[in-house]
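So the structure is just underneath, and the comments pick up after that.
The values are calculated or read from the model by the stated rules, or taken from the named source; none is laboratory data. These numbers come from a predicted model, not from an experiment. Note that each Cβ is placed from the backbone with ideal geometry, even for glycine, and that neighbours are counted across all protein chains shown. Surface areas here come from the heavy atoms of the whole protein model, side chains and all, with no ligands, DNA or RNA. Shrake-Rupley method; radii C 1.70, N 1.55, O 1.52, S 1.80 Å.
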Amino acid sequence: MSRGDDRARGAAWARGPAAPRLAHIRDRWLSAATTALQDDPGVDGAALVGSLGAGRADDWSDVDLLLVVKDEHLDDYAVPHRLPSGPGRRAFEIDARHNGPIGTRAVSAQYVVDGLPLWVDWYVHPVSLATWPPDSAVIFDRHGITGSLSEHRGDHEPATPKTPDEHEAMRLALIPIAAKQLARDSPDAPRTIEFLGGSAGWPDHLAALRQLLTQFDPMAHRESLAAAHAYLDLLETLL
């Protein structure tokens, strides 16, 4: 499933209610992560993409980071432990290379910071294909990258097989994504709830998400499950 995040919404994208706690957590994480990237000599450049890169993020926006590394180190950076964790703990990660063009890598991860979840999409590109998208905010560039990402658009990398445990962990990590869509009153929310195994026909979509959380083993997914509950509690106070 593609998360259908802020990136392709254009003028139809709606902002959610003010949630300064979420924005503070994201900014703290991003500050620490970008400092770690700048201190890593193996990273030739980094940029924010998605809504943060385009300058239209709200408090609910997740993080999309594009990294540029030397070609021979592409797969070295396509594993979560090689990427900075910021001030939080990584509760979930998955190979998401199917979200990027051929010859690139991607990792999706959920970090838990101060008890709340933060979703981060990492896009790792080799220098030989490196470009900065027009709607990006370059953090640093040690290589002098030029050109448009559209030059390399086309077929995506094939998806890697996922284990049942990975599918289960991903379903749980996506519940806060559905909650974010509710906060923004997005028409995607019921579709995401249905994809996650809930009933899109429930009149109370927040209750549907809470019902979904009861399906997960609290011992197997303790940190991510607690963070999802906290996220739904925060959403309820703001609706």
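Please report, as a whole percent, how much of the solvent-accessible surface of segment 164-237 comes from carbon and sulfur atoms (probe radius 1.4 Å).
On the way: 1940 of 3480 Å².
Ligands and nucleic acids excluded, carbon and sulfur reach 56 percent.
Order Val68, Val79 by their accessible area, 1.4 angstrom probe, all chains in place, largest first. Please list the in-between numbers first.
Numbers: Val68 0, Val79 50 Å².
Greatest to least solvent exposure: Val79, Val68.
Using θ = phi - 60° and the Karplus form 6.51 cos²θ - 1.76 cosθ + 1.60, what ³J(HN,Hα) does each residue of segment 78-87 get, whole Hz, x for Gly and Pro?
With coefficients 6.51, -1.76 and 1.60, one gets 9, 10, x, 5, 8, 9, x, 9, x, x Hz.
Expressed in nm to one decimal, what extension gain is obtained for the pair Arg142 and Thr237 from 0.36 nm per residue of sequence separation less their Cα-Cα distance? Intermediate results must be reported in sequence, preceding the final value.
Details: separation 95, 0.36 × 95 = 34.20 nm, distance 4.41 nm.
Gain on extension, Arg142 to Thr237, equals 29.8 nm.
Step through the residues of segment 30-43 one at a time and calculate ³J(HN,Hα) from phi using the Karplus curve (6.51 cos²θ - 1.76 cosθ + 1.60, θ = phi - 60°), rounding each to whole Hz and writing x for Gly and Pro.
5, 4, 5, 5, 5, 4, 5, 5, 5, 7, 9, x, x, 9
At Arg15 and Phe195, where each label point lies 7 Å from the Cα along Cα→Cβ, what is the point-to-point distance in nanometres?
In this crude spin-label approximation the distance works out to 2.6 nm.
Can you work out the Karplus-derived ³J(HN,Hα) for every residue in segment 156-166? Use 6.51 cos²θ - 1.76 cosθ + 1.60 with θ = phi - 60°, whole Hz, and x for glycine or proline.
Once θ is set to phi - 60°, the couplings for segment 156-166 become 9, 4, x, 5, 7, x, 10, 7, x, 5, 5 Hz.
I'd like to know how segment 164-237 sits against the 2.2 N^0.38 Å rule of thumb: what's its Cα Rg over that expected value?
Details: Rg = 11.4 Å, N = 74, 2.2 N^0.38 = 11.3 Å.
Normalised Cα radius of gyration, segment 164-237: 1.01.
Long-range amide H contacts for Glu93: which residues qualify at under 5 Å (H placed 1.01 Å from N, peptide plane, sequence gap of 5 or more or a different chain)?
For Glu93, the qualifying residues are Gln110.
With every protein chain present, what accessible area does Asp39 have (1.4 Å probe, heavy atoms only), rounded to the nearest 10 Å²?
120 Å²
For segment 94-239, what class follows from the C-alpha gyration tensor (a ≥ b ≥ c being the square roots of its eigenvalues): rounded when a/c is under 1.5, otherwise prolate if a/b is larger than b/c, else oblate? Mind dumping the intermediate values first?
Values: a/c = 2.09, a/b = 1.91, b/c = 1.10.
Prolate shape, in that a/c is at least 1.5 and a/b is the bigger ratio.
If you roll a 1.4 Å probe over segment 20-141 with all protein chains in place, what percent of the accessible area is carbon or sulfur?
50 percent
Just to confirm, what accessible area per residue do you get for the chain at 1.4 Å probe, in whole Å²?
Result: 45 Å² of accessible area for each residue.
How big is segment 20-141 by the Kirkwood estimate over distinct Cα pairs, in Å? Kindly include the intermediate steps, with their values, before the conclusion.
Numbers: mean 1/r = 0.0698 Å⁻¹.
Result for segment 20-141 stands at 14.3 Å.
Relative to the longest principal axis of the chain, what angle (0 to 90°, nearest 10) does the C-alpha long axis of helix 222-238 take?
Taking the Cα atoms of the chain, the angle to 222-238 is about 70 degrees.
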